[in-house]
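The values are calculated or read from the model by the stated rules, or taken from the named source; none is laboratory data. Everything numeric in this text was worked out from a predicted model, so none of it was measured. Every residue, glycine as well, gets a Cβ built from its backbone with ideal geometry; the counts of neighbours run over all protein chains shown. Side chains are part of the model used for accessible areas, which takes the heavy atoms of the whole protein and leaves out ligands, DNA and RNA. Shrake-Rupley method; radii C 1.70, N 1.55, O 1.52, S 1.80 Å.
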Amino acid sequence: MELWSWQDPYLREVVWFALRCRAVTLLLQASLFPRPGCCSALFNLLIPDHAADAFSPPRLSEAGPWDAVVERLLGGLSRWDAEHFLFIAERGYLYEHNCAFLPLYPLSLRAAAAGLLWPLGRLLRVRSRLLLAAAGLNSLCSVLAAAALYGLGRAALRSRPVAFLAALLFSLSPASVFLAAAYSESMFACLVFGAMWQLERGQSWLSGLLFCLASGVRANGLLNAGFLLYSLGRRFALRLQAAPGSVGMLLPLWKQLLSLASSAVLACAGIFLPFALFQFYAYLRFCELGTAAEPGVPQALLQLARDRGYRLAAMDGVKPPWCSQRFPLVYSYIQDSYWDVGFLRYFKLRQIPNFLLAMPVTLLGSWAAWTYVTANPRHCLTLGLERRKSEEGKPRAGFCSPAIFVYLVHATVLLVFGFFCMHVQVLTRFLGSSSPILYWFSAHLLQEHEPLLRSEGTGNQTMASHAERSLLASSDDACCRGTPENPVVRLLVNYRLITPLSKCLLGFFLSYWLLGLILHCNFWPWT
């Protein structure tokens with residue numbers, strides 16, 4: 001059965017809603033009536049720009065009138081880590097700490113700015129074209145990610161309402177500002193959700209290719225090797241249970257084991273390859289060059305390195321400490337030395353506000369894990385490798401279905417690692433761009449506990465109010481016309497009628513969406 005077709009009215013609604021949300025996000029951060037140094041007059045009335053101690057390289061080329069327009073309209077997309085991506089796209093990996101950001105996203109920006117936006121070269125400097133490329137590329141990737149999440153939900157959840165609602169919630173993600181800004185989250189979500197969806201469809205090679213590309217975007221893409229390994233292992237285990245081995249089956253079993261091992265090695269090698277190649281590139285660049293300063297580096301960038309302590313390639317003839325390590329990984333060294341990332345290093349009293357910032361997504365992720373484990377204890381204990389008679393007929397649908405197990409394990413690993421080993425405030429965008437669980441579980445809770453989303457009640461439910469019944473009738477009429485009503489808009493319009501749980505969930509999504517725009521585009525710390 002085709003699970004993803006433009007003829008599907010639900011898919012069309014997902015795409016149009018994603019496009020509208022991206023447009024609203026860009027409009028809200030735009031500097032329609034800017035003051036110098038501000039990204040948004042509207043938001044600057046509320047919160048002034050913060051003098052952040054962040055990477056901010058000097059602008060070397062003179063800005064023209066059209067550059068000023070682009071900076072005022074899209075300047076909010078270039079805050080914090082976005083400066084790194086834009087700088088790498090323009091100048092390459094000049095400074096050592098730039099190597100914390102993997103190359104596929106900045107390479108894509110550079111290609112778009114030099115290719116698609118080449119006709120604008122006489123009007124705009126490189127940075128302005130990179131900003132335009134970031135706005136367009138991230139909008140495209142976020143819309144494709146929403147569509148891929150819908151297809152993935154249809155395949156894994158086997159529930160169109162939950163898949164539809166989850167894909168709509170993604171467009172209002174608490175990490176929306178990072179899906180719009182010049183960050184790699186949007187591209188990563190697009191590749192990862194697409195890879196997961198293709199794996200659910202049985203397209204292992206295409207899934208592996210997309211996972212491979214994702215590991216060239218963000219380092220946590222390496223964990224996605226687990227999806228391919230689990231898929232291989234589960235198929236092997238279920239085959240053994242379907243046809244138990246015997247003496248006559250010994251040789252075929254060994255052949256299957258060899259095939260399984262070779263496939264696992266190939267899958268891991270493909271996913272680890274982009275990351276390994278980039279570490280090798282960094283080693284050649286910073287550990288094997290001559291002692292002279294790199295030629296062609298503008299004096300302003302050399303001065304910035306001296307003022308801020310940034311390390312250039314083989315600066316002063318001294319190799320970085322990580323070059324002498326047994327496994328010279330520049331990524332791990334930067335996380336440890338520049339940003340003090342490590343186990344329990346963030347557990348300090350002054351970081352309590354950041355832990356509070358990460359609390360909603362932490363509670364939601366923990367609740368999702370608890371809900372699934374309590375609903376499927378045996379399935380979790382056997383790692384989903386046991387063939388059960390109850391699964392041989394029509395598979396169980398919804399969030400607690402067996403197919404969700406591997407996604408829940410992945411999300412839980414990310415949650416635990418992020419909470420104990422990372423700057424905890426990034427958990428929201430870390431999970432929001434890497435796992436569908438945040439959206440699936442939120443959709444599950446809304447679908448299960450919100451009366452306005454139920455088309456019909458059960459015997460033990462109270463009768464809906466007249467307003468609710470009218471709402472349900474209008475929804476049924478819309479579905480009959482082939483234009484499904486947007487349940488997120490429906491809940492927001494009837495906010496007074498929804499349950500406290502629904503208000504909390506929607507409040508979390510919308511408040512983080514809006515606060516992220518207000519704070520991030522004014523250079524204040526956010527998730």
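Could you tell me whether region 150-163 includes any residue that is hydrophobic (A, V, I, L, M, F, W, C) and under 25 Å from Pro106 (Cβ atoms)? Don't jump to the end; show me each part of the working.
Quick first cut of region 150-163, residues hydrophobic (A, V, I, L, M, F, W, C) only: 152, 155-157, 162-163.
Okay, now just the ones that are also under 25 Å from Pro106 (Cβ atoms), so none.
Looking for residues that are hydrophobic (A, V, I, L, M, F, W, C) and under 25 Å from Pro106 (Cβ atoms), one finds none in region 150-163, hence no.
Of all the residues in region 360-387, those that are more than 16 Å from Phe508 (Cα to Cα) and free of Cβ contacts under 8 Å to residues at least 40 places away in the same chain number 13.
Pairs please, first residue from region 198-225 and free of Cβ contacts under 8 Å to residues at least 60 places away in the same chain, second anywhere and open to solvent by 50 Å² or more (accessible area, probe 1.4 Å) and in a helix (DSSP H, G or I), Cβ atoms under 6 Å, 6+ apart in sequence or on different chains. Partner pairs satisfying both residue conditions: Gln198/Leu206.
Just so you know, in region 325-372 the residues that are at pLDDT below 95 and among the polar types (S, T, N, Q) include one that is least open to solvent (accessible area, probe 1.4 Å), and it is Gln351. Looking only at residues of region 251-305 that are polar (S, T, N, Q) and modelled with pLDDT under 95, we find that the one that is nearest to the chain's Cα centre (by Cα) is Ser263. Could you run through region 71-92 and say how many residues are out of contact with any Leu (no Cβ under 9 Å at 6 or more places or on another chain) and within 13 Å of Leu26 (Cβ to Cβ)? Looking only at that region, the number is 0. Of the set (1) at pLDDT 95 or above; (2) open to solvent by 70 Å² or more (accessible area, probe 1.4 Å), all apply to Leu515 but (1).
Please verify whether Leu357 is on the phi < 0 side of the Ramachandran plot and without any contact (Cβ under 8 Å) to a residue 40 or more places away in the chain, treating the condition exactly as stated. Answer is no for this residue.
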